[in-house]
Each structure stands twice: as structure tokens, then as C-alpha cells.
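What follows is a short report on a single structure.
The values are calculated or read from the model by the stated rules, or taken from the named source; none is laboratory data. None of the values given here were measured: they were computed from a predicted structure. Cβ placement follows ideal geometry from the backbone for every residue including glycine, while neighbour counts extend to all protein chains displayed.
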Amino acid sequence: MTKTTTKYKRAKNRSKARRPKRAGANRSWNLAIAGVVIVGVVLVVVSSRSYKSAAEVSPKIGEHWHGYLGVNVCGTWLPDAPAFEEQSDSPTVRAGIHSHGDGLMHTHPYSSSEAGRNATTGRFLEEGGWELSETSMTLWDGTTHENGDTCTIKGKKQKAVVQWATGFPGKPWSGEARSGNPGSYKFDDNEIIAVYFLPKGSKLPKPPGAEDSLANITDVDGANLGTTGVPGTTGASGTSGATGNDPTSGATGASGATATPSTKRGSEIVGEMNVSWYPAALAV
Ligand SMILES: [Zn+2]
Ligand SMILES: [Zn+2]
């Protein structure tokens, strides 16, 4: 009798002791399931959104965007990027993101590799034969600046790092350092991108030429493109490019003809992106 009671009590005590643990385990199990469900929903939303926008992300082939790129090395603004219209590594291929030497990243993509999400600051620089990452930059001053290299500013030697900030003309310049790789940045139409090699904590001023350059874009109607001997770009420019079917852009058959296959290529690329998204997101 005594034995049984004791056994019973012991069992009861044990189960009492276990119960809160179980409840806790259940709770975290529920949370885990909820987490999985939320991650799943987010994935579906994100992937469907990126899939949908895949072929629709601007700048599309036929559109014409402009971003301003200012570069400040150790407190001195570099001159505007030199003009280039062909890809540095394949000089017979036109660069859809190129420079007319006016500080602007002229963006009228010819292929999906330079359209939509691929129309980044880094793509512009790559097509021009330069390099930029969050740790190093090799631009048109012909010097590689790596994080930790020294800047002499007002006679003072200081270690500097690659930093960057963005803004829009006519709006207050925040000068806030942005995180991540400035080369991967997909800039917006009319956006100002400033890249600096400066000591951490430095003021990140607005590039002095940005407002002027963006206010005086000379090729939006395609008038200037003709004179530069790039006939294909005419249809790609701004508003007429957007209409696509505009018969006046017939002369630019090149851009019209490539529109369909390029779009397909774009969605294929995003399809691949989505596949790699899953394991990455689940790992988090
Ligand atoms: Zn342009
Ligand atoms: Zn151009």
C-alpha cells in the first residue's frame, strides 16, 4: 500500500515536474511551426513578386534612365567619369549603361544583362572597365583604394574606407552612409549616387555637380544620340522607348526585335534566382 502510494506519488510528481517542460516544449514547437509558416508565406510573396516584376523591372530594354555618380577620394571630387559607349572587355559590344562624360550613368539597356535588377552602379563601372566593392575601388583616377589605405586630408594622415550615400535632386542630402556593396546598388532614375574613400565618420557631402548634370540631360529625346553615331539608341530613349510599338521608332528595329527574347531571358534569370532563394531563406 505504502509502496504503491509512493510509486503513485512519485509518478505524479514526476509528471508534474514534466508538465511545465512539456508546455514549454509545445510552445516553442508551436512557435517553430508558426515561424515556418511565416517564412513560407513570405517566400511565396517574395518569389511571386520578383517573378512578376522580373520582366517588368525598370529600366527595361527600350527605357532610358539616368543616375548621377560622384566619386570623392580623400576629400577631392574626381572629374566626371570619362565617356565610353562600348563595353571595356568587348569593344564591339555597345554598353547599355554608359557615360557621355557628363557625370551621368546613361542607362538604356540593350540586353537583360544590363536591364532591370542588373542595371546597377557596378554594371556601369564594369562596362567602363572599373571596379567597385565595399572594400575597394579602382576608378578613373587609375588608383586602387583599399579599405585601410591612408588618406592625407589637410596634412593629416588617416585610414580611409569605401563609403557611399544616395539622394535625389531638389531634396535634402542626408549624407548617411549606406551599408552593403555600392556596386550592387540598383539606382533609380534621376538618383544621385556618391561614392567616397574617406575616413570613417567623415561628412559625406552631396556631389557638387549632381543637380546640374541631372537638370541638363541632353539626350532624353534622342536628339543627341543620333549625332554620336549610335542609331540603335534612338528608339531606346525615354518616352518613345516606353511605347515600344511606336512606328516612329521603326528605324530602331534592333531594339524592338530584341524585346521578346530578352524578356524571356529575364524571366529565366529570375527563375534561377528564385531557386537559389529557397535554400538561402530557409537557412535563415
Ligand atoms: Zn542618356
Ligand atoms: Zn547614351
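Going residue by residue through region 159-166, is there one that turns out to be of a type in the set (Ser, Thr, Tyr) and more than 11 Å from residue 68 (Cβ to Cβ)?
No, that holds for no residue.
Among residues belonging to region 62-79 that are within 14 Å of ligand 2 (Cβ to nearest atom) and not in a strand (DSSP E or B), point out the one that is nearest to residue 98 (Cα to Cα).
Only one residue tops the list, namely 64.
Pairs only if they're at least six apart or on different chains, beta carbon under 6 angstrom, first in region 59-86 and closer than 17 Å to residue 132 by Cα, second of a type in the set (S, T, N, Q); list them, first residue then second.
68/213; 81/99
From the list 212, 149, which one is surrounded by fewer than 21 Cβ atoms within 10 Å (Cβ to Cβ), of a type in the set (D, E, K, R) and within 16 Å of ligand 1 (Cβ to nearest atom)?
The unique qualifying residue is 212.
Out of all the residues in region 141-158, is one or more within 30 Å of residue 220 (Cβ to Cβ) and not in a loop (DSSP other than H, G, I, E, B)?
No; the residues of region 141-158 include none that is within 30 Å of residue 220 (Cβ to Cβ) and not in a loop (DSSP other than H, G, I, E, B).
In region 97-111, what residues are touching a His at 6+ places or on another chain (Cβ under 6 Å) and outside any loop (DSSP other than H, G, I, E, B)?
Selection gives 98, 104, 106.
This table checks each residue for (1) within 16 Å of ligand 1 (Cβ to nearest atom); (2) surrounded by fewer than 13 Cβ atoms within 10 Å (Cβ to Cβ); (3) closer than 19 Å to residue 101 by Cα; (4) modelled with pLDDT of 95 or more.
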| residue | (1), (2), (3), (4) |
| --- | --- |
| 153 | no, no, no, no |
| 177 | no, no, no, yes |
| 221 | yes, no, yes, no |
| 246 | no, no, no, no |
